[in-house]
2 protein chains.
Amino acid sequence: MTKKGKTWFAILGFLSWKPMSGYDIKNLVDISLSYFWSISYGQIYPTLKRLVAAGYATTEAGRSIGDRKRNLFRITNEGQKALDDWMSKPIDLSIQRDEMQLKLFLGGQRDTAQTISLIRDFKGQQTQRRAQLLIEYDETAPALESGEFADDIQWLEPERLSGARQKQAVREQTLIFLLSIRQGILKAEARITWCDEAISLLENPPYANKS
Amino acid sequence: MTKKGKTWFAILGFLSWKPMSGYDIKNLVDISLSYFWSISYGQIYPTLKRLVAAGYATTEAGRSIGDRKRNLFRITNEGQKALDDWMSKPIDLSIQRDEMQLKLFLGGQRDTAQTISLIRDFKGQQTQRRAQLLIEYDETAPALESGEFADDIQWLEPERLSGARQKQAVREQTLIFLLSIRQGILKAEARITWCDEAISLLENPPYANKS
DNA sequence: GTATGTATATATCACTGTGATATATAGTAT
DNA sequence: ATACTATATATCACAGTGATATATACATAC
């Protein structure tokens, strides 16, 4: 039995919204989930095949705009069951590699000035990211009231609903989208706070500086 | 020319402190750098070989306690130059996958109750982690004053120094170690904050709840 | 003493996942 | 016509993981 990792269930999860092609999945992740997920074709296509082989999905020929051929994948009952099972399992916390921390560790003692300069750059990156996320938050938030997405927002729609139900669905999806942006903002802010503390302590260490 | 990723420079960086064996590197990372780094033997041994092949390190037979054989790797001038170059480059920000966010995205609308339960579990994990890191912080901090490590702290020592210089080195290393723990604490706190916001918004959405 | 367990030390394998690239076609712009 | 962009599928070399195999020396218990 093949190993079922996060990518396996991520793809299965996308199919649980609506039947999709490999191309659709790549676009969905790159456009709407880029705050917290990434995926490559090198995993998508083999995994779709394995999902079919495992009985978790079926494949069918489809057509899109302009009569282009595409392979649509649809989740099966068995697949949905496996997904539900995974969804209820606690979050797996694996170590997140942190290049900033590694460079601090390797260079902090050897070359303090350069390390401080790196931390300043890093703070700049995070400050910019925070600003960007705040803009995206403000652009997304109105849909919470209106029940209508701004033009450029791509989203997972299980199916077209009509009228009030459609608006309600948009509001629910917007809330979740806002929460994921909010996570990014909080993460960036935590990093900015750390940068300030680190620069301050490296510039004025709480012990006599040799020289 | 082989690709030089983060693992490549991480290992080169460890060798820049002192000559080490593959086993030493694995232990160093697992014991002292586990807050922000991980590494497997499957990368260490091949990478050490490639570092030698690239002229960035040399290898020599060594002996440790009990006359056990070990292969020591020593950084070359060329290797140190390449490391210095990498160290000065800005931090590469790649997308960090976040299983909590993925599950929120996939299940938040479909099964709010289960999603809230997952977030509560996640908050529990993060709260525990934060508590653990606070303890480790308090255990490490005294060395900032005393200049002496607590018994169980493993560390990178370029070489044995004597007296006052040794104490100063210990203080500098402790500061950096404390900063990396602090990063973990801030990250956990940001996640806890997010959990509170998310639970509150999912339980009382800012729009009329259908039902 | 000898058996058992643990720490030291190196190495490889199957597998997951990435980034780059190749290929082909249909619609759009110059 | 030509070039460019978007749609769509696929594969490759490589990075990195987790598990496992192997061997030896020291520590302890019986």
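Read-outs throughout are calculated quantities, based only on the coordinates presented, and are distinct from any laboratory measurement. Treat the numbers as computed from the prediction; the structure is a model and nothing was measured. Note: ideal-geometry Cβ built from the backbone for every residue, glycine included; neighbour counts use all protein chains shown.
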Looking at (1) surrounded by fewer than 20 Cβ atoms within 10 Å (Cβ to Cβ); (2) under 25 Å from A:MET100 (Cβ atoms); (3) within 15 Å of DNA strand D (Cβ to nearest atom), find the lone condition where B:ILE44 falls short. (1)
Could you run through segment B:193-206 and say how many residues are crowded, with 19+ Cβ neighbours inside 10 Å and more than 7 Å from every other protein chain (Cβ to nearest Cβ)? 2
Return yes or no: is A:GLY124 within 24 Å of the chain's Cα centre (by Cα), buried (at least 20 other Cβ atoms within 10 Å of the Cβ), part of a helix (DSSP H, G or I) and more than 7 Å from every other protein chain (Cβ to nearest Cβ)? no
If the Cβ limit is 6 Å and pairs must be 6+ apart or interchain, which residue in segment A:95-119 that is on the phi > 0 side of the Ramachandran plot pairs with which residue that is surrounded by fewer than 22 Cβ atoms within 10 Å (Cβ to Cβ)? none
Out of segment B:170-188, which residues are without any contact (Cβ under 8 Å) to a residue 60 or more places away in the chain and either at the interface with chain A (Cβ under 7 Å from one of its Cβ atoms) or not in a helix (DSSP H, G or I) (or both)? B:ARG171, B:GLU172, B:GLN173, B:LEU175, B:ILE176, B:LEU179, B:ARG182, B:LEU186, B:LYS187
Testing B:THR115 on (1) of a type in the set (S, T, N, Q); (2) within 8 Å of another protein chain (Cβ to nearest Cβ); (3) closer than 22 Å to A:ALA10 by Cβ, one condition comes back false. Which one is that? (2)
What tally of residues in segment B:31-61 results from selecting those that are part of a helix (DSSP H, G or I), free of Cβ contacts under 8 Å to residues at least 40 places away in the same chain and near DNA strand C (Cβ under 10 Å from one of its atoms)? 8
In segment B:48-70, anything near DNA strand D (Cβ under 9 Å from one of its atoms) and in contact with a Gly (Cβ under 9 Å, 6 or more places away or on another chain) is listed as B:LYS69
Here are B:LEU93, B:LEU102, B:LEU106: which of them is assigned to a loop (DSSP other than H, G, I, E, B) and within 13 Å of chain A (Cβ to nearest Cβ)? B:LEU93
Picking from A:ILE95, A:ILE25, the residue that is of a type in the set (Val, Ile, Thr), surrounded by fewer than 21 Cβ atoms within 10 Å (Cβ to Cβ) and within 9 Å of DNA strand D (Cβ to nearest atom) would be A:ILE95
Considering only segment A:1-13, state which residues are outside any loop (DSSP other than H, G, I, E, B), out of contact with any Ser or Thr (no Cβ under 9 Å at 6 or more places or on another chain) and within 13 Å of DNA strand D (Cβ to nearest atom). A:LYS6
Selection status of A:GLU78, away from chain B (no Cβ under 14 Å) and away from DNA strand D (no atom under 14 Å from the Cβ): yes
